[in-house]
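What follows is calculated from the coordinates using simple rules that are stated; it is not laboratory data. Given the structure is predicted, the values throughout are model-derived calculations rather than measurements. Note that we place each Cβ from the backbone using ideal geometry, even for glycine, and neighbour counts take in every protein chain shown.
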Amino acid sequence: MHSDEDRKQKRVRDAEYYRKNLESIKIKKAAYYQRTKEQHRKRNAENYKANKEKRRASGAAWKKANPEKVKAAAARYREKHREAIKAKRLTYLDKTKQWNKKHYEKNKHSRDEYAKQYAEEHPEKVREYHRKCRNAKPEVYRAHRLRRIASLKTDTNNSPTATELKAIYSPGTKCHYCDNQATAADHFIPLSRGGKHVMSNIVPACKPCNSSKGNKIYGTEWTGRPNK
Ligand SMILES: [Zn+2]
């Protein structure tokens with residue numbers, strides 16, 4: 001049997017030994033760790049597998065109790081793997097971009113068809129949507145609309161020539177909506193409402209009617225200038 005005194009002395013001796021041999025102990029420990037690394041890893045993995053729920057719960061609890069440590073560990077990881085993370089993110093972005101592009105092209109036609117059909121079936125919703133956009137960001141809306149109209153114009157194969165357009169409001173031609181001399185070519189069904197930039201959709205109009213009608217549908221939404 002060891003006495004309390006014996007035990008105390010042993011503790012002191014051990015502490016002394018530890019202090020004196022700190023470096024070599026560290027080296028030995030590291031060597032031991034390296035030697036048995038695989039074994040430990042395997043054992044840990046097996047233990048994890050066997051006690052998955054428990055280990056997960058305790059891990060989550062530890063994380064919750066040590067948010068600062070979690071943060072620091074994440075920062076250390078990011079610092080250590082900075083280049084790899086960057087490379088991965090770039091690859092990912094690139095892939096996403098490519099996928100988006102492919103998806104966009106693939107569904108372009110059906111999407112356009114859908115939008116057209118929706119606009120035909122819900123004119124009031126489309127109007128409401130445009131009104132909101134226009135109010136929120138008038139410049140952006142205007143630019144977008146002009147771009148859309150331009151693309152519609154250039155996309156159409158049988159778009160009228162400048163001469164044909166000008167001929168439509170030649171001297172002596174009356175405005176389609178009033179008795180004024182026509183001075184502009186008007187899209188009877190506005191381009192923004194699905195009308196085509198083709199001669200069959202273009203009528204002569206005076207400037208006041210043309211701007212008063214805007215993108216409204218003649219007959220229902222617009223029935224001519226008031227007090228003309
Ligand atoms: Zn007119």
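Find out how many positive minus negative residues lie around Arg13, taking Lys and Arg as positive, Asp and Glu as negative, among other residues whose Cβ is under 13 Å from that of Arg13.
+2
Quick one: P(r) of the range 1-93 from all Cα-Cα pairs, 10 Å bins, percents rounded to integers, in order of increasing distance.
Pair shares across the bins are 12, 16, 29, 28, 10, 3, 2, 0.
With +1 on each Lys and Arg Cβ and -1 on each Asp and Glu Cβ, how big is the dipole of the chain about its Cα centre, in debye rounded to the nearest 20?
The calculation lands at about 1820 debye.
Hey, what number do you get for the chain at 222 nm if only DSSP H runs of n ≥ 4 count, each worth -39500 (n - 2.57), divided across all residues, to the nearest 500?
The helix-only estimate for the chain comes to -23500 deg cm²/dmol at 222 nm.
Where the centroid of each part is defined by its Cα atoms, how far is the range 174-228 from the range 1-67 in Å?
Using only Cα atoms to place each centre, the spacing works out to 86 Å.
For the chain, report the % of Cα-Cα distances exceeding 21 Å.
Tail of the P(r) past 21 Å holds 78 percent of the pairs.
With +1 on each Lys and Arg Cβ and -1 on each Asp and Glu Cβ, and nothing else charged, work out how big the dipole of the range 107-147 is about its Cα centre, in Debye to the nearest 20.
For the range 107-147, the charge dipole is close to 300 debye.
Excluding same-chain residues fewer than 8 positions from Lys28, which lysines have a Cα within less than 27 Å of its Cα?
Leaving aside lysines fewer than 8 places away in the same chain, those within reach of Lys28 are Lys8, Lys10, Lys20, Lys37, Lys42, Lys80.
Given +1 on the Cβ of Lys and Arg, -1 on the Cβ of Asp and Glu, and no further charges, what dipole in debye does the range 95-213 carry about its Cα centre, rounded to the nearest 20?
Using Cβ point charges on Lys, Arg, Asp and Glu, the range 95-213 gives about 780 debye.
Evaluate the distance, in nm, between pseudo-label points positioned 7 Å from the Cα of Cys178 and of Ala75 along their respective Cα→Cβ axes.
That separation, rounded to one decimal, is 7.1 nm.
Select from Tyr32, Ala143, Ser200 the residue farthest towards the positive end of the dipole of the chain; place +1 on Cβ of Lys and Arg, -1 on Cβ of Asp and Glu, and compute about the Cα centre.
Tyr32
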